[in-house]
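Right, one structure below, let's go through it.
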Number of protein chains: 2
Amino acid sequence: MPSTGTLQPLGMDEVRINGGHWSKRQTVNAEGTIQHCLHWLEALGWTANFDRAAEGKEFERTGPQFSDSEVYKLAEAMAWEIGRTGDAGLEARFVKLTARISAAQHEDGYLNTAYGNPGQPPRYSDLEWGHELYCFGHLLQAAVARLRNHGEDAFTAIARRAADHVCNVFGPGGDERICGHAEIEVALAEFGRATGEARYLEQARLFIERHGRKTLPEKGVFYQDDVPVREAEVLRGHAVRALYLASGAIDVAIEAGDADLLDAVRGQWDRAVARRTHLTGGMGSQYADEAFGRDFALNPAEAYSESCAGVAAVMTAWRLLLATGDTRHGDMIERIAWNVLSGAVDPDGKSFFYANPLHQVTADPEPPRDGALPHLSAGGRRGHWFEVSCCPTNLARTFAQFAAYIATADDRGVQLHQYAPAAIDTVVAGSRFALTMTTAYPDDGTVIVRVEANDGGERTVSFRVPHWAEGATVTSPDGTARPAAAGELADVTAAFAHGDEIRLDLPLAPRWTYPDPRIDGLRGCAAVERGPEVWCVESVDLPEGADFADLAVDTTAPLTVRDGRVKVRGRINDRAAEWPYGTAAPRPEGEPVEISLVPFRSRDTRGAAAMRVWMPIS
Amino acid sequence: MPSTGTLQPLGMDEVRINGGHWSKRQTVNAEGTIQHCLHWLEALGWTANFDRAAEGKEFERTGPQFSDSEVYKLAEAMAWEIGRTGDAGLEARFVKLTARISAAQHEDGYLNTAYGNPGQPPRYSDLEWGHELYCFGHLLQAAVARLRNHGEDAFTAIARRAADHVCNVFGPGGDERICGHAEIEVALAEFGRATGEARYLEQARLFIERHGRKTLPEKGVFYQDDVPVREAEVLRGHAVRALYLASGAIDVAIEAGDADLLDAVRGQWDRAVARRTHLTGGMGSQYADEAFGRDFALNPAEAYSESCAGVAAVMTAWRLLLATGDTRHGDMIERIAWNVLSGAVDPDGKSFFYANPLHQVTADPEPPRDGALPHLSAGGRRGHWFEVSCCPTNLARTFAQFAAYIATADDRGVQLHQYAPAAIDTVVAGSRFALTMTTAYPDDGTVIVRVEANDGGERTVSFRVPHWAEGATVTSPDGTARPAAAGELADVTAAFAHGDEIRLDLPLAPRWTYPDPRIDGLRGCAAVERGPEVWCVESVDLPEGADFADLAVDTTAPLTVRDGRVKVRGRINDRAAEWPYGTAAPRPEGEPVEISLVPFRSRDTRGAAAMRVWMPIS
């Protein structure tokens, strides 16, 4: 539990998703993604690296230097999933994996299969690229998941030994460098909170404060070592690094009651949201360095928008939501979850987008299923595994714990941030307060909350009303409906009794969205959104023979929904010119057509297709 | 002289520029650029590499592996300049340089300071990246310049020995590979034509036909080894390589009367012009690989548009103009010459753009004058020299020979392709025909051609009427004016007498230009052109405190010219938003302003400035 902050998260036993999109996502995650990752980590020898290291002899290591972190992220996903379903088979695999990891841990708590073992470079000899502290961070986050879903065990004991080791080496008077990939900061803060060990929180604070002191050789901005965290004005450099660091800084700020640090990170986030974020919520706009680009450099075809940055941005937004209670952060979690995260995995949970550009210019073949490991999702198709395969396990751990993002509590009641069929059973001001949420959102805008138990008196149920939801209404148990302001929490307060129903109605008509005119890459285009979902057009939905580049849409024609598809009106303007610049402004010429869109998350499920979110206006 | 083709080029003694922009450019080229290059080549030891190689012992070489070509390109510039002015000092330096180069040539004609000398890799051990044949190519082109401006001498003797060596090694039955950087093809064709040696032309043909046979290890498209030249559909891969190769293929096609090959290259060019060329005529739209990008991928801020690709594109367009007589090719030479080439050099001729993007987002400081050699022109500022310094010498040789592009002849008369004060004194159908051209173009649209001598009978003077010149008129010596169709040659035929004047009037009001709607990077923008010149806005011309990204222009307001500056009307729309996407289409909000533009070629002459050619429409 955070020690300060506006809202309190719920325990994993207090909230459960029991239907709809996210339930299906969690099932696919368990049956598809987690099993898929277990297979690949074993097949590639990334798990076996621990067995080899445990033997204490020289060995030929496989995988990138940070592959241990993939094993830890998968362990974290397993821990959350075991908590969610109590899956005994998965629990057995977790225990077995624990033993293999434990065997490779050194006497003093050090643990890494790429450094410090016979024949390998010494410990901490390459903090810039070695990722040792980064790997420890993911070990600690997995241990947090285990603590929250199970309690102390052999796995959390590994993590305690590792955390103590890190504090011994990097504590006051020790090595004063940082890791080239932020992660240890947020992990130590979380682990300190979960274990109650102040030493870990203090170590997290030390690492946060050491950023910007240039203890690493090069590329300061890339790993946020250019200026101290509390002096930076915007999120910058490698997006995942920046967002993990921001998440850790918020945790430290909350625990230390450090309002200045919190304000600094909030300002960085606000500016990144206003100027460096794609419509999908995707962050990290440029391929070069997988980094935040400059303000308003948001080219849809060149959008990197890494899946892992989506995971990291949800972590950051969640912390800001808890700290401030501001619905904008819940909006952003929703936007990223529906568009970046849900779309990054295929319906079977076995292939993944690494980058999530908003415009796929060419229709490319599917990448090979086996053998070859592309560095990234190539040609706009999901891939089964990657050379640097950070995204699959990162997505797995996020989906497994997704129930945690549904609701929070405070002394007055419960706040609902994400809308999904769910059961909430918590304690408010010392008394049980249990709710069930029923909804077909976002296909339908009605959310019904039924009070299952209220052992206390007057309670408040608060609904996040998204900023796009102009015209939303909330209905009290007595049937009184009233407008609910977009971008605010809509409160319903009553001495609720069992069976009381509260209702939120959100407007879900599809809407045209236009970009800030300072975004060069989007000028003259519009996109379609419906509720939290961004929609896109795929070339397979164009009339036979039409060139995808020739499509222009008519934003004055009404958007309609038919058979679950949003329909837009447009024209296919086939042009041939010797010189592509002329004295007449382009005019629509082609025959009017109606085009069906698909949600961005559902792209690339019908074979090779070009795709675009931002459509030229006719 | 090409043996077939529609138009014939003039000799260097037949045409002379004697005023205006191009005369000034040639003076600056002689007094600034050529001297500057002589200094740098000496200072960096790139010339001294020849002295060291001549000693026949191991030595520590300086510069990139292809730095010999810089010495040859500068020699070519000197040869043209000596022909233009007869500068005795330059002639002495040329003779001295010849001796230094000659001393490094091996017995069998081989000559390279990076390969084949003691301690160096063997000859032709890295055709992919070694640039040996590329260097020979530039040696031969320099020799062509010497032959055309002086005649046979010690320099051309070096070239003959080198060309013979290349034919001996790579001729029929010999090494069948190509060079990773096309250049030898066009150079052998030119040298064969200049010397009358059929063997060189045949060797050029062999190299052309060997492209696409994949004799090099990797990256086939990059150096046009993916498909045979006559099967390719568009210019692709590294832009300079592609255009040098195309130029060589046209030469071979013309000499061999190979209409299929000519048609193939013409088709590739036409498609590249229609889909892969910037408004400035800049080719090679992407930084990655300095290459032609995909169709309509013409982002102005990411435009590479290398200066050398401008040089190469003029070479290609010139050959197509001679082959076909089509004014579009003269238009393209003019567009590239005014916008890419003239703008690539500063007014002193001592700093250079390597890349020529059409949008400079940030206002960056000037790069250092000495010492550090940036790889490219950094941050949108001209640089004094580069690590890979191909552009300065390439520009120097092009400006020095620019008179050659002014006019051509055929059996009927003279065709004027570029408008500049010039004297033309040639032979048409066996009789002297001499003209002077007077004009202040493009500041003024009137071109007056006075007949100085006509020893024959009826002659035709033809004017290229640019495709943008709607409303042009041509006036015969008798004072009769008639419309001259844009995009065609306007003929005036008469039995001209001494003193007769013909007049062309071109409309030079500034005009708005709009992009093809398939170009994602330009949608919603317009540019200003005046005559052949593209104009741009620089941030230093905005009102104090205005953010460059907030400028939008009103294309419905008239464009005006005042004090030599084109003026546009627009607004500065200062916006602040928490989220840069909204349901309302952007509307102009700011106060109306008038902004002065500058020609694109004159950018970056008033200190740090952001710049853009394509301006968002209000």
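Would you kindly calculate the mean projected area, averaged across all directions, of the convex hull enclosing the Cα atoms of the stretch B:222-405, in square nanometres?
The number I arrive at for the stretch B:222-405 is 10.3 nm².
Only Lys, Arg, Asp and Glu count, each charged at its Cβ (+1, +1, -1, -1), so figure out the dipole size of the stretch B:407-505 about its Cα centre, rounded to 20 debye.
I would put it at about 60 debye.
Evaluate the relative contact order of the stretch A:44-210 (contact order divided by residue number), counting alpha-carbon pairs under 8 angstrom at least 6 apart; express in whole percent.
Rounded, it is 23 percent for the stretch A:44-210.
Run the dipole for the stretch B:498-548 about the Cα centre, Lys and Arg Cβ at +1, Asp and Glu Cβ at -1, nothing else charged, and hand back the magnitude in debye, nearest 20.
Values: 5 positive and 11 negative charges, 55 e Å.
So the magnitude is around 260 debye.
Could you work out the per residue convex hull volume over the alpha carbons of chain B, in cubic angstrom? Before the final figure, lay out each step's value.
On the way: hull volume 97.0 nm³, N = 618.
It comes to 157 Å³ per residue, whole-number rounded.
Give the lysines whose C-alpha is closer than 29 Å to that of A:K57, dropping any in the same chain fewer than 8 places away, or say none.
A:K73, A:K96
Apply the Karplus parameterisation 6.51 cos²θ - 1.76 cosθ + 1.60, with θ equal to phi minus 60°, to every residue of the stretch A:283-297 and state each ³J(HN,Hα) to the nearest whole Hz, in sequence, with x for glycine and proline.
10, x, 7, 10, 5, 4, 6, 6, 10, 4, x, 6, 3, 6, 8
Per residue of A:539-551, count partner chain C-beta atoms within 10 Å of its C-beta, then hand back the mean as an integer.
On the way: counts 0, 0, 0, 0, 0, 0, 0, 0, 1, 1, 7, 2, 2.
Averaged over the peptide's residues, the number is 1.
Nm distances between the label at A:P365 and the same-position labels in the remaining copies, 7 Å along Cα→Cβ, shortest first?
From this label point to the equivalent ones elsewhere in the assembly: 5.1 nm.
Using a 10 Å cut-off around each Cβ of peptide A:522-534, what is the average number of partner chain Cβ atoms that fall inside?
Per residue, the average neighbour count from other chains is 3.
Mind listing the long-range amide H neighbours of B:V345? Cut-off is under 5 Å, sequence gap 5 or more, other chains count too, H placed in the peptide plane at 1.01 Å from N.
Sorted by chain and number, the residues that satisfy this are B:F353.
Considering only protein heavy atoms, what is the solvent-accessible area of A:K350 at a probe of 1.4 Å, reported in Å² to the nearest 10?
90 Å²
Which distance in nm do the two modelled labels at B:E488 and A:N168 give, with both placed 7 Å along the Cα-to-Cβ direction?
9.1 nm
State, in angstrom, two size descriptors of the stretch A:237-313 derived from its alpha carbons: Rg to one decimal place and Dmax to the nearest whole number.
12.7, 42
Protein chains only, probe 1.4 Å: how do B:H21, A:H150, B:H278 rank by accessible area, largest first?
A:H150, B:H21, B:H278
Taking the Cα atoms of the stretch B:386-508, what is the range of coordinates along each of the three principal axes, in descending order and whole Å?
57, 35, 21
Could you give P(r) for the stretch A:444-499, binned at 10 Å from zero, as whole percent values over all Cα-Cα pairs?
Calculated over all Cα pairs of the stretch A:444-499, the distribution is 23, 52, 23, 2 percent.
Nearest 5 percent is fine: what portion of the DSSP beta bridges confined to chain B is antiparallel?
Approximately 95 percent, going by the DSSP bridge assignments.
Nothing charged except the Cβ atoms of Lys and Arg (+1) and of Asp and Glu (-1): what's the magnitude of the dipole of the stretch B:44-210 about its Cα centre? Round to the nearest 20 debye.
Values: 18 positive and 26 negative charges, 61 e Å.
Approximately 300 debye in magnitude.
Before rounding to the nearest 500, sum -39500 (n - 2.57) across all DSSP H runs of length at least 4 in the protein assembly as shown and divide by the residue total; then give [θ] at 222 nm in deg cm²/dmol.
After summing the helix terms and dividing by residue count, I get -10000 deg cm²/dmol.
Not counting ligands, DNA or RNA, and with a 1.4 Å probe, what is A:Y287's accessible surface area in Å² rounded to the nearest 10?
A:Y287 exposes around 100 Å² with every protein chain in place.
How long are the semi-axes of the equivalent ellipsoid of the stretch B:14-170, defined as square roots of 5 times the Cα gyration tensor eigenvalues? Whole Å, largest first.
Semi-axis lengths for the stretch B:14-170 are 29, 17, 14 Å.
Sorted by accessible area (1.4 Å probe), largest first, how do B:H39, B:H165 line up?
Most to least solvent-accessible, the answer reads B:H39, B:H165.
Rank these residues by their accessible area, most exposed first, probe 1.4 Å: B:W80, A:W468.
The most accessible residue leads, giving A:W468, B:W80.
Take A:R199 and A:D410, extend 7 Å from each Cα along the Cα→Cβ direction, and tell me the distance between the two endpoints in nm.
3.6 nm
For the pair A:L373 and A:D547, what calculated FRET efficiency results from E = 1/(1 + (r/R0)^6), where r is the Cβ-Cβ distance and R0 = 51 Å, to the nearest 0.05?
The value I calculate is 0.95.
Any idea which of B:A303, B:F292, B:N339 is furthest toward the positive side of the dipole for the stretch B:222-405, if Lys and Arg beta-carbons carry +1 and Asp and Glu beta-carbons -1?
It is B:N339.
Take each complete run of DSSP H in chain A, measure how far its Cα atoms stretch along the helix's own axis, and keep only those covering 15 Å or more with mean Kyte-Doolittle hydropathy at least 1.0; list them.
Numbers: long enough: A:67-85 (27 Å, -0.39); A:88-103 (23 Å, 0.50); A:132-149 (26 Å, 0.32); A:154-170 (24 Å, 0.59); A:184-195 (16 Å, 0.67); A:198-210 (18 Å, -0.52); A:239-256 (25 Å, 1.21); A:259-275 (24 Å, -0.33); A:307-324 (25 Å, 1.40); A:390-400 (16 Å, 0.38).
Sorted by number, the helices that extend far enough and score high enough are A:239-256, A:307-324.
Which whole-number value in Å³ per residue fits the convex hull of the alpha carbons of the stretch B:511-616?
Numbers: hull volume 13.9 nm³, N = 106.
Hull volume over Cα atoms, normalised by residue count, gives 131 Å³.
Treating the point 7 Å from Cα along Cα-beta-carbon as the label, what are the nm separations from B:E55 to the other copies, to one decimal?
Ordered by increasing distance: 5.6 nm.
Shortest first, in nm, what separates the label point of B:A485 from those of the same position in the other copies (7 Å along Cα→Cβ)?
For B:A485, the other copies' label points sit at 6.9 nm, shortest first.
For B:E76, tell me the accessible area in Å² from a 1.4 Å probe, rounded to the nearest 10.
Here the residue's solvent-accessible area equals roughly 10 Å².
In nm, to one decimal, how far is the A:A577 label point from the A:E55 one, both placed 7 Å along Cα→Cβ?
Between A:A577 and A:E55, the label points sit 6.7 nm apart.
Is the C-alpha gyration tensor of the protein assembly as shown telling us rounded, prolate or oblate? Criteria: a/c under 1.5 is rounded; beyond that, a/b larger than b/c is prolate, otherwise oblate.
prolate
The values are calculated or read from the model by the stated rules, or taken from the named source; none is laboratory data. Values in this document were obtained by computation on a predicted structure and should not be read as measured data. Because the Cβ atoms are built from the backbone with ideal geometry, glycine has one as well, and the counts that use them run over all protein chains shown. Ligands, DNA and RNA are excluded from the accessible area calculation, which covers all protein heavy atoms including side chains. Shrake-Rupley method; radii C 1.70, N 1.55, O 1.52, S 1.80 Å.
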